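Asks: One structure, as structure tokens, below. Some questions next.
The values are calculated or read from the model by the stated rules, or taken from the named source; none is laboratory data. Keep in mind that this is a model prediction, so the values were computed, not measured. Glycine also receives a Cβ, built like all others from the backbone with ideal geometry; neighbour counts cover every protein chain displayed. The accessibility values were calculated without ligands, DNA or RNA, using every heavy atom of the protein model including side chains. Shrake-Rupley method; radii C 1.70, N 1.55, O 1.52, S 1.80 Å.
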Amino acid sequence: MAVDGERDGPAVPFLEEEIGSCSLSRQVRPPLNHARDVHILSLAFLFIFSAYGAAQNLQSTVNTEEDLGTTSLGILYLSFTFFSVVASPVVRVLGSKFALVLGSTGYFLFIASNLKPSWYTMVPASLYLGFTASIIWVGQGTYLTSAAFSHAEDCHLHEGTVIGNFNGEFWGVFASHQVIGNLFSLVLLHGGKEGDNLSRKNLLFTIFLCCTVLGIALMCFLSKRNDKDNPSAYSSFGSVLKYVISPLLDKQMLLIIPLIVYSGLQQAFVWAEFTNKVVTPALGISGVGGAMAIYGAADAICSLVAGKLTSGFYSITLLVYGGASLHIIVILWLLLGYSLTSGVVGYIYPLLMSIFWGVGNGVFNTQLSALLGILYKHEKEAAFAQLKLWQSAAIALIFFLSPYLTLEAMLIGLLVTLSIALLAFFYTTLRTDGS
């Protein structure tokens, strides 16, 4: 049986030859270049999210009238949550490659709506992006995990190590979007006079649109994978509902969900609260881009390192607790000892917090993806749909509550959620070690 993209043919003897990172001997066969697909996937997401990530970070500062920016993000993630419920069967029917291409179109529309921001442009764009985001992220998790398992099989490598390496590369490159996009924001918005703020903003979002187009074009060069299902399998509402709900009947998934929820809460906290109530008072609006660029750099480096260190459940557990410890330090710092100060120290403190928070985020992104890929090898779409469902619900909650909660209340909520998540994950560790 030929793997998708291969041709059956007679084996040709040859001396040992290095093909990519996979050394084959005795026979030549042209497998799919799984590593190449991971490179393309990572770069495509880098272009798209360099644009979208920076645009999202700016919503609470550039679209302030009637809280249009933060409300639009709340609507976006509420829509994301709703459509994540049915994203897994949709990706199975479409196939992960087509789901990725379709999913990227929502980001283009959302960024375009910022050129003419109003309730009539941004709300529909946010609703549509919620749908396409659920598709692209389930497609990403499915595609990457499928490529990792295929690469491990073709090259006779340990599956956990390949999943860790592939996730490390993807999330490392992906996290770099915070550096690139926010540096664009910093350069174009820094020092602008009040009269030309609008023209600078429009130029910035036009550049973001071009980046998104490049990302969509790259998606088209991905290899097709044999992960498409028969549509008749989801011909009734009951069959779709059964496929969507089945992960929630698994005790292991229920124990992982609190950690998934926290991963969403902490990301939204950075976007909506940390940038607005910690970074802006200390560094100004133009400083948001610089702080988020440092956050992204720390996230990217940590993702690459964490991916290399991932080999199985034990390493995932250690890394998760390490990343959580850094977040606890920042939360307690903000709750108990932080205050605005002048001079160099006043600039250093928010940047140091950005580094700690970025490292923790890199750990959660790589390790949650690797964990679900290892534990749910044959139910990838459903597992990654749960990941995005609970993450997006948590993100939407932060954006809707942000105008009504103090920074202290938000931090206490994060600390309580993280404590519950770590206790549940510890129990998961005991169950897995004992199985």
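Asks: Just the accessible area per residue of the range 277-426, please: how many Å² with a 1.4 Å probe? Present the calculation step by step, with values, prior to reporting the outcome.
Replies: Details: 5870 Å² over 150 residues.
Per-residue accessible area for the range 277-426 comes out at 39 Å².
Asks: Run the simple label-point estimate for N202 and S342 please: 7 Å along Cα→C-beta, distance reported in nm.
Replies: 4.0
Asks: Now a separate question. At N226 and I285, where each label point lies 7 Å from the Cα along Cα→Cβ, what is the point-to-point distance in nanometres?
Replies: For the pair N226/I285, the computed spacing is 5.5 nm.
Asks: Tell me, rounded to the nearest percent, the portion of alpha carbon pairs in the range 84-217 spaced more than 27 Å apart. Could the numbers behind the result be given before it?
Replies: Values: 3064 of 8911 pairs.
Percent of Cα pairs beyond 27 Å in the range 84-217: 34.
Asks: Using the structure shown, select from K116/K380; K116/K277; K224/K388 the pairs with a Cα to Cα distance greater than 31 angstrom.
Replies: Beyond 31 Å: K116/K380.
Asks: For the range 95-169, what Kirkwood radius comes out of the mean inverse Cα-Cα distance, in Å?
Replies: This gives a value of 13.9 Å.
Asks: Over the Cα atoms of the range 321-420, what Rg and Dmax result, in angstrom?
Replies: Cα-based Rg and Dmax for the range 321-420 come out at 16.3, 55 Å.
Asks: Can I ask one more? Given points 7 Å out from each Cα along the Cα-Cβ axis, report the K377 to Y314 separation in nanometres with one decimal.
Replies: The two pseudo-label positions are separated by 1.9 nm.
Asks: If you don't mind, another one. Between Y120 and L332, what FRET efficiency follows from the Cβ-Cβ distance if R0 is 45 Å, with the result rounded to 0.05?
Replies: 0.55
Asks: Let me ask something else about it. Ignoring ligands, DNA and RNA, please state the percent of accessible area on the range 76-229 from carbon and sulfur, probe 1.4 Å.
Replies: C and S fraction of accessible area: 70 percent.
Asks: Where Rh is the Kirkwood radius over the Cα pairs of the range 260-335, the temperature 37 °C and the viscosity 0.692 mPa s, what D in µm²/s does Stokes-Einstein return?
Replies: For these conditions, the coefficient is 236 µm²/s.
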